[in-house]
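J.: My questions all concern the structure below.
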């Protein structure tokens, strides 16, 4: 089964751009993949175009060999942009292998270890106004999703206005939010809060210690990710579980995080860290340390499907990110998608990823739209992480 073409299609989903990759073969089968790294879609597409000639003509079943060539064959190891592009190609090649053998991907990973995969949504509150308005809107969102069957709620560190985040007020407001949400939803629904790398160590410690009484499932990315040494102080100062890792673009970048057990939950991103091939290695490595994976998945249906297969076959799984129920948008481009049931995704039965994508609909009806990533600043005008 030889690769005959590799096509990248950045596509607007109504809120942001997604980056899809299609790998065609002489067997008449097409594999579909997706790259992460939002905001860098054209850079990812350029990387794929640069490397098309090295992929076309190769055996599509040589997944590991192709991965190694793409990651290491240019002398300089692939990172971030390159890793996102490789992730998309790798997912597409696994999709092809499942289709060629007529089985869902999880069957190729040793079969299922669970019957369904639990999810968390994205809950929202007003970013402008603050105070009681933010809390009331957030509580209403959490109550609504739990009434729909979701077993988790999740939101981000609150801002103090449009494009403004000041650490002290943000920490105090977040503690008030966690307290109010816990009072509203009770003890049986899990709470996740994404700090989104917006705090320094001292503020992160203050926040995590303050929310300990309310039993969050995890606090995500409490500090910046460039240097995991910054996480040690936070880790030592609180009993609240920490989730981290979505910025890592290979198993090597996870090394310190996993080996030193600086987080309780490993936030690998199938569309960012090297694809399914690399994700399975990272998941197995985390299992040795008794750490669970909670895949980062804020992007499109292809990444969600790839993450689902990984989670179905990984024994050390916690929860999967799923911003909203699948099948509620882009239904003309994705006529067959995943099955949501009572806050879970069910195992696909169709071969490969188990979803269907119409590339021409993406290309013609949902073309790429140039857009900038949002930014945040402190009150004095200095930049802070979004």
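The numbers here are math on the coordinates, done by the rules we state, and not lab data. Bear in mind the structure is a predicted one, so any value in this text is a computation, not a measurement. FYI the Cβ positions are ideal-geometry reconstructions off the backbone, even for glycines, and counts take in every protein chain you see.
J.: Efficiency by 1/(1 + (r/R0)^6): what FRET value for residue 143 and residue 386, r their Cβ-Cβ distance, R0 = 30 Å, to the nearest 0.05?
T.: Once rounded, the FRET efficiency stands at 0.65.
J.: Further, regarding this structure: Run the numbers for residue 209 and residue 53: contour at 0.36 nm per residue of separation, minus the present Cα-Cα distance, in nm.
T.: Taking 0.36 nm per residue and subtracting the Cα distance, the gain is 50.9 nm.
J.: Any chance you could give the angle, 0 to 90 degrees and rounded to 10, that helix 63-72 forms with the longest Cα principal axis of the chain?
T.: On a 0 to 90 degree scale, this one is about 70.
J.: Related question: Over the Cα atoms of the chain, what Rg and Dmax result, in angstrom?
T.: Rg and Dmax of the chain, Cα atoms, are 20.4, 60 Å.
J.: Then there's this: With axes computed from alpha carbons, what is the tilt in degrees of helix 301-313 against the longest principal axis of the chain, rounded to the nearest 10 within 0 to 90?
T.: Helix 301-313 sits roughly 90 degrees off the main axis of the chain.
J.: Looking at the square roots a ≥ b ≥ c of the eigenvalues of the Cα gyration tensor of segment 230-276, which shape do they give, rounded for a/c under 1.5, prolate if a/b is larger than b/c, or oblate?
T.: Prolate shape, in that a/c is at least 1.5 and a/b is the bigger ratio.
J.: Quickly work out the residue 115-to-residue 172 label distance, labels modelled 7 Å from Cα along the C-beta direction, and quote it in nm with one decimal.
T.: Result for the modelled spin labels: 4.9 nm.
J.: Run the quick spin-label model on residue 226 and residue 379: label points 7 Å from Cα toward the beta carbon, then report their separation in nm to one decimal.
T.: Taking the two extended label points, one gets 2.6 nm.
J.: Per-residue ellipticity at 222 nm for the chain, helices alone: DSSP H runs ≥ 4 residues times -39500 (n - 2.57), over residue total, nearest 500 deg cm²/dmol?
T.: -11500 deg cm²/dmol
J.: What nm distance separates the two modelled labels at residue 363 and residue 236, each placed 7 Å from Cα along Cα→Cβ?
T.: Inter-label distance under the simple model: 5.6 nm.
J.: More than 16 angstrom separation, counting every C-alpha pair in segment 241-325; what % is that?
T.: The answer is 42 percent, as a whole percent.
J.: Here's something else I'd like to know. Is the shape of segment 247-386 rounded, prolate or oblate, going by the alpha carbon gyration tensor and its root eigenvalues a ≥ b ≥ c, with a/c under 1.5 for rounded and a/b larger than b/c for prolate?
T.: The shape class here is oblate.
J.: Take the Cβ-Cβ distance between residue 201 and residue 122 as r, set R0 to 25 Å, and report the resulting FRET efficiency rounded to the nearest 0.05.
T.: The formula returns an efficiency of 0.40 here.
J.: For a quick check: sort 247, 15 by the number of other beta carbons within 10 angstrom, fewest at the front.
T.: Going from least to most buried by this count: 15, 247.
J.: Please list the radius of gyration and Dmax for segment 341-386, considering alpha-carbon atoms only, with Å as the unit.
T.: 19.8, 54
J.: Over all directions, average the projected area of the Cα convex hull of segment 3-103 and note it in nm².
T.: 6.3 nm²
J.: Using a 10 Å cut-off around each Cβ, can you sort 328, 174, 255 from fewest to most neighbouring Cβ atoms?
T.: Starting with the residue having the fewest Cβ neighbours, the order is 328, 255, 174.
J.: Let me ask something additional. Between the helical axis of 201-211 and the dominant principal axis of the chain, each derived from Cα atoms, what acute angle in degrees is found, rounded to the nearest 10?
T.: 70 degrees
J.: Next question. Order 28-39, 226-237 from most to least packed using the mean count of other Cβ atoms within 10 Å.
T.: In descending order of packing, they fall as 28-39, 226-237.
J.: Using only alpha carbon pairs under 8 Å that are at least six residues apart, calculate the relative contact order of the chain and give it in whole percent.
T.: Dividing the mean separation by the residue count of the chain yields 20 percent.
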